[in-house]
Amino acid sequence: MKALRVSAPGRVEILTVPDPIPGPGEILVRVDRVGICATDRKLVARPRRPGLVLGHEIAGTLGDGSPVGVHPDVGCGDCLHCRAGFENRCPDRCSIGVDRDGGLAELVAVPAGHVLPLGGVEVSLAPLLEPLACCLHAIDLLGVAPSEQVLVVGAGPMGLLATLALKALGARVVVSQRSPQRRQHALAVGADAAIGPDEDPRAALGQAPTAAIVTAPTAEALAWALRRVEVGGRVHAFAGLPGDRSIDANVVHYRHLSLIGSTGSRLRDYVRARDLVAGGHLDLRRLPLRPVALHEVPAVLEGTERESAKVIVAMERSSE
């Protein structure tokens, strides 16, 4: 089969490799679509192991033709976190496309419990369920209530998905983004307002936001949000930051803030994402999408330009 592997730091290749052999309790998924995200670019720049097949936002079919999605965060099943339903916190987590071979291949082996029927969600949109699940997980940890005023910092694909999710839950949302084009994307997916970093979200919402999700991967963006939410507010540090970055703890201390973080999602977040989309409560087609073929992915991953649209790979098959 064809697969895209990380061959060296900053370098990926499309190779012909043996088909994966499912382990105990695993099944093969024939991959149709795969989403590309910032994590994939990080793994190209700093590979966890040589030869890794990337791709954790996966949709495909089973041998009988049933359309399925894949939840990639696989926990041990026995630790305190897994027993509580937080497999994304498992110290022995082995995430598909991150710690083990993923979906930028014709076939991927997946633990059966992490393969879910799509329930009517289009396969072409189904890779978005995984990042949407991450957003729903963050929103759940923040405890966002309907009609609450929420700030989203960053209008890249994750910020736009967070905005879609917040609007589906009934929140009022202001998005802060430096790029005018991306501010327009935010308004197109339903944000109540889109502002630049030199503007005050209080003016856009009529009051200071009581919660914020920071999807922009800079310490400056996180610090900005911590000063813009209401006293006693909650801020989710959604994006990882490159290198060591410090945050002024006095801002959290004296403003009575709750600073929260999370990585990945729970299986139940993925199910919820699927059900929201399948039930028509959230329209993923409003997101700016860029379809590409597998042979175009090396240029996408090795490039330095940040995509304003979400990249979705249509897999090429050589063995049918």
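Which one of these is within 24 Å of the chain's Cα centre (by Cα), in the same structural domain as VAL153 (by TED's automatic domain parsing) and not β-branched (Val, Ile, Thr): ALA273, ALA278, ALA223? Among ALA273, ALA278, ALA223, only ALA223 is within 24 Å of the chain's Cα centre (by Cα), in the same structural domain as VAL153 (by TED's automatic domain parsing) and not β-branched (Val, Ile, Thr). Every condition in (1) at pLDDT below 95; (2) outside the structural domain of THR16 (by TED's automatic domain parsing) holds for HIS295 except the one numbered (2). A single entry from VAL17, VAL44, VAL98, VAL70 fulfils the requirement of being over 29 Å from ILE260 (Cβ atoms) and hydrophobic (A, V, I, L, M, F, W, C): VAL17. Within the set VAL144, VAL74, VAL70, the sole residue that is in the same structural domain as THR210 (by TED's automatic domain parsing) and in contact with a helix residue (DSSP H, G or I) (Cβ under 8 Å, 6 or more places away or on another chain) turns out to be VAL144.
Determine whether VAL297 is β-branched (Val, Ile, Thr) and surrounded by 17 or more Cβ atoms within 10 Å (Cβ to Cβ).
Working: β-branched (Val, Ile, Thr): yes; surrounded by 17 or more Cβ atoms within 10 Å (Cβ to Cβ): yes.
Taking the combined requirement at face value, the residue satisfies it.
Give me the residue from region 38-59 that is assigned to a helix (DSSP H, G or I) and aliphatic (A, V, I, L, M) and, out of that set, surrounded by the fewest Cβ atoms within 10 Å (Cβ to Cβ).
At the first step, the residues of region 38-59 found to be assigned to a helix (DSSP H, G or I) are 38-45.
Among the residues that remain, those that are also aliphatic (A, V, I, L, M) are: 38, 43-45.
Working: ALA38: 17, LEU43: 22, VAL44: 22, ALA45: 14.
Step by step, filter region 38-59, then rank; the result is ALA45.
So that you can scan it fast, the table gives a plain yes or no per residue for (1) within 22 Å of PRO291 (Cβ to Cβ); (2) of a type in the set (Phe, Trp, Tyr); (3) part of a loop (DSSP other than H, G, I, E, B); (4) out of contact with any Leu (no Cβ under 6 Å at 6 or more places or on another chain):
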residue	(1), (2), (3), (4)
SER124	yes, no, yes, yes
PRO127	yes, no, no, yes
LEU136	no, no, no, yes
GLN184	yes, no, no, yes
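Restricting region 228-270 to residues that are assigned by TED's automatic domain parsing to the domain that holds GLY196 and of a type in the set (Lys, Arg), the residue that is nearest to the chain's Cα centre (by Cα) is ARG234. GLU296 - would you say it is in a loop (DSSP other than H, G, I, E, B), farther than 24 Å from ILE139 by Cα and of a type in the set (Asp, Glu)? It is false that GLU296 is in a loop (DSSP other than H, G, I, E, B), farther than 24 Å from ILE139 by Cα and of a type in the set (Asp, Glu). The residue list GLY120, GLY63 contains one member that is part of a loop (DSSP other than H, G, I, E, B) and touching a strand residue (DSSP E or B) at 6+ places or on another chain (Cβ under 8 Å), which is GLY63.
Where in region 192-292 are there strands (runs of 3 or more DSSP E), lying wholly inside it, with at least 3 residues that are closer than 20 Å to ARG172 by Cβ?
Numbers: elements: 193-195, 211-214, 234-237, 258-261.
Strands (runs of 3 or more DSSP E) meeting the threshold: 193-195, 211-214, 234-237.
Return the only residue of THR16, THR39 being assigned by TED's automatic domain parsing to the domain that holds PRO72, more than 24 Å from the chain's Cα centre (by Cα) and in contact (Cβ under 8 Å) with a residue 12 or more places away in the chain.
Details: THR39 fails: more than 24 Å from the chain's Cα centre (by Cα).
Going through THR16, THR39 in turn, just one is assigned by TED's automatic domain parsing to the domain that holds PRO72, more than 24 Å from the chain's Cα centre (by Cα) and in contact (Cβ under 8 Å) with a residue 12 or more places away in the chain: THR16.
Residues that are surrounded by 18 or more Cβ atoms within 10 Å (Cβ to Cβ), under 25 Å from GLY280 (Cα atoms) and modelled with pLDDT of 95 or more do occur in region 103-114.
For ILE21, are the conditions met, namely being surrounded by 14 or more Cβ atoms within 10 Å (Cβ to Cβ) and outside the structural domain of PRO242 (by TED's automatic domain parsing)?
No: the conditions fail for ILE21.
Here is the figure for region 152-186: residues that are of a type in the set (Val, Ile, Thr) and closer than 18 Å to ASP269 by Cα total 1. When the residues of region 220-249 are narrowed to those that are basic (Lys, Arg) and crowded, with 16+ Cβ neighbours inside 10 Å, which ends up farthest from ALA138 (Cα to Cα)? Checked region 220-249; the qualifying residue farthest from ALA138 (Cα to Cα) is ARG228.
Output the residue which, of all residues in region 115-142 that are within 19 Å of the chain's Cα centre (by Cα) and not hydrophobic (A, V, I, L, M, F, W, C), is surrounded by the most Cβ atoms within 10 Å (Cβ to Cβ). Steps first, answer last, please.
From region 115-142, those within 19 Å of the chain's Cα centre (by Cα) are 115-116, 118, 121-142; that's our starting set.
When the remaining residues are screened for being not hydrophobic (A, V, I, L, M, F, W, C), the result is 122, 124, 127, 130-131, 137, 140.
Working: GLU122: 15, SER124: 16, PRO127: 31, GLU130: 27, PRO131: 24, HIS137: 26, ASP140: 17.
Across region 115-142, the extreme among qualifying residues is PRO127.
The values are calculated or read from the model by the stated rules, or taken from the named source; none is laboratory data. Values in this document were obtained by computation on a predicted structure and should not be read as measured data. For neighbour counting, all protein chains shown are included, and Cβ atoms are generated from backbone atoms with ideal geometry for every residue, glycine included.
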